[in-house]
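The values are calculated or read from the model by the stated rules, or taken from the named source; none is laboratory data. Predicted, not measured: the structure shown is a model, and the values here were computed from it. Glycine gets a Cβ as well: all are built from the backbone with ideal geometry, and neighbour counts include every protein chain shown.
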Number of protein chains: 2
Amino acid sequence: MGKATADITMSLDGFIAGPNDRPGNGLGDGGEVLHEWVYGLKSWREPHGLEGGATGEDADILDEAMSAVGAVVLGRWMYECAEGWGDDPPFRVPVFVVTHDARDREDKGETSFTFVTNGIESALDQAGAAAGDKNVSIAGGASIIRQYLSAGLLDEIQIHVAPVLLGQGKRLFEGTGGDQIKLETARVVDSPAVTHLKYSVVK
Amino acid sequence: MGKATADITMSLDGFIAGPNDRPGNGLGDGGEVLHEWVYGLKSWREPHGLEGGATGEDADILDEAMSAVGAVVLGRWMYECAEGWGDDPPFRVPVFVVTHDARDREDKGETSFTFVTNGIESALDQAGAAAGDKNVSIAGGASIIRQYLSAGLLDEIQIHVAPVLLGQGKRLFEGTGGDQIKLETARVVDSPAVTHLKYSVVK
């Protein structure tokens, strides 16, 4: 496999969703402001079956992140949110769901969902095998990204900082009290809509 | 006065100090990693009475932020931490301390401390009058910056994002549950040591 990466939009005050996030309301109350930068982009609209959209730096970064992904790992929570995406989810690569509940593999459109009950390391191994030379994206939610970070299994994290203070909601970094994790700035790109901060995790 | 600004270093996971921060340990346990980017800069060392130091983009940004400041507002907590800075604190402008305890004005070196007991608005008014055309820096701690933000009294905020996940400590943004606050990206500058994110607060 390539790298294990995470790619997520966060408000400047650290939230990745507003309050009351749940399946059907995955971004929480008022959380759609986080993703305003993305909805108008061609590279977001296309895989979601929508026409048109903007090109440019933000679109290129989204496209770069998505085209590098050969397999995806999701937490159970994020999968439940993603269930609302219907019969053709936008992943279009093998998806591995970390869960306690054994289930048969599901195929929806070009996306497969494999349910992994023996932990995050196994999920990454399976996703890595499926990804070939490409990256494995730890696509969320927050909890599973934190678990991979804490376990030293994440190579790279890209945070898209939305220019807003949500004031409440679900945090990406909960402050779990663990050791410090050092990062190395890999790239910073800013546009009026969002600032893309890409870091390598120092191991 | 010019603008009401705040300028503070934060870890990517939102902490401005490690745990157990207190006067004498203002950055908390393990928090000095946040300010690693600053200690070696000429524009930091000079006002702290130290010789030498690096020039360049990070130094310029620090210098820009400091030279624009005509007066400073501190919370009581930050003042208590600052008391440890001795007889010649590095502010060298009039400082207004928001507190419940009335005290006489103190002069230490080129810095004066005026204690304001009738609220943040009054402190900003007094600091504004003292600042002339220059900016008023709401210099911390976190609580006083949040109070000015919530009251709609802050014009600009610059966050220096240190490439580290502290995992625990004191947050800049506590998630007080208030309304969303929209920001406009004013400038982004990155170096290997730190990323400077400057925002205007949309009112």
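The figures follow:
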| read-out | value |
| --- | --- |
| Residue list for region A:4-28, restricted to those being in a loop (DSSP other than H, G, I, E, B) and not small (G, A, S) | A:L12, A:D13, A:P19, A:N20, A:D21, A:P23, A:L27 |
| Verdict on A:F96 being under 24 Å from A:M1 (Cα atoms) and outside any strand (DSSP E or B) | no |
| Residue satisfying all of: in region B:23-49; over 22 Å from B:P192 (Cα atoms) and out of contact with any Lys or Arg (no Cβ under 9 Å at 6 or more places or on another chain); surrounded by the most Cβ atoms within 10 Å (Cβ to Cβ) among these | B:G26 |
| Strands (runs of 3 or more DSSP E) (entirely within region A:101-203) containing at least 3 residues that are away from chain B (no Cβ under 14 Å) | A:106-108, A:111-116, A:135-140 |
| Residue ID - nearest to A:G30 (Cα to Cα), chosen from residues in region A:154-185 that are within 18 Å of the chain's Cα centre (by Cα) and among the hydrophobic types (A, V, I, L, M, F, W, C) | A:A162 |
| Boolean, B:P47 is of a type outside the set (D, E, K, R) and either in a helix (DSSP H, G or I) or in contact (Cβ under 8 Å) with a residue 60 or more places away in the chain (or both) | no |
| Qualifying positions in region B:50-78 - free of Cβ contacts under 8 Å to residues at least 24 places away in the same chain, within 12 Å of B:S137 (Cα to Cα) and not small (G, A, S) | B:M66 |
| Count - residues of region B:165-182 that are in contact with a Leu (Cβ under 9 Å, 6 or more places away or on another chain), touching a residue at least 24 places away in the same chain (Cβ under 8 Å) and surrounded by fewer than 21 Cβ atoms within 10 Å (Cβ to Cβ) | 1 |
| Filtered residue count, region A:72-93, keeping only those that are assigned to a helix (DSSP H, G or I) and more than 12 Å from the chain's Cα centre (by Cα) | 7 |
| Residues being part of a loop (DSSP other than H, G, I, E, B) and more than 15 Å from A:A127 (Cβ to Cβ) - total across region A:61-71 | 0 |
| Pairs with Cβ under 8 Å, 6+ apart, first in region A:101-126 and more than 24 Å from A:P47 (Cα to Cα), second among the acidic types (D, E) and at pLDDT below 95 | A:T117/A:D101 |
